[in-house]
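What follows is one structure encoded as structure tokens, with my remarks underneath.
The values are calculated or read from the model by the stated rules, or taken from the named source; none is laboratory data. What you see is a predicted model, and the numbers here were worked out from it, not measured in a lab. Cβ atoms come from the backbone with ideal geometry, glycine included; neighbour counts cover every protein chain shown.
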């Protein structure tokens, strides 16, 4: 699993104030602006997810390889955050790669199929 870095540095990466309405991830900014509790671990993780997703989005035309890296990195952090927050899930002991996490039977059971 890749190093997710420091979540506390995320707040410096995400602009405050006006929404970036051109972003596919503006909904995260809205949710964070209305529901953030100081010191909330979930809010910190969402802020970092937003920063990484916006990095992927901003590089998609100029450098698709970098965009792919940030997209994968965002997905890894998102799945790790689900395992950290959901107390019913426990990480597989044998392998903690993204592939093993998303194919974990308990993780799959928690997903809703639409």
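Quick look at the numbers
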item	result
Residue satisfying condition, being in contact (Cβ under 8 Å) with a residue 12 or more places away in the chain and farther than 19 Å from residue 42 by Cα, within set 95, 104, 84	104
Subset of the range 57-81 [in contact (Cβ under 8 Å) with a residue 12 or more places away in the chain and outside any helix (DSSP H, G or I)]	none
Condition met for residue 44 (assigned to a helix (DSSP H, G or I), surrounded by fewer than 14 Cβ atoms within 10 Å (Cβ to Cβ) and free of Cβ contacts under 8 Å to residues at least 40 places away in the same chain)	no
Residue within the range 82-92 that is closer than 23 Å to residue 31 by Cα, at pLDDT 90 or above, within 16 Å of the chain's Cα centre (by Cα) and in a helix (DSSP H, G or I) present	no
Criterion violated by residue 24 - all others in (1) crowded, with 16+ Cβ neighbours inside 10 Å; (2) at pLDDT 80 or above satisfied	(1)
Selection count, the range 97-114, where residues are surrounded by 14 or more Cβ atoms within 10 Å (Cβ to Cβ) and outside any helix (DSSP H, G or I)	1
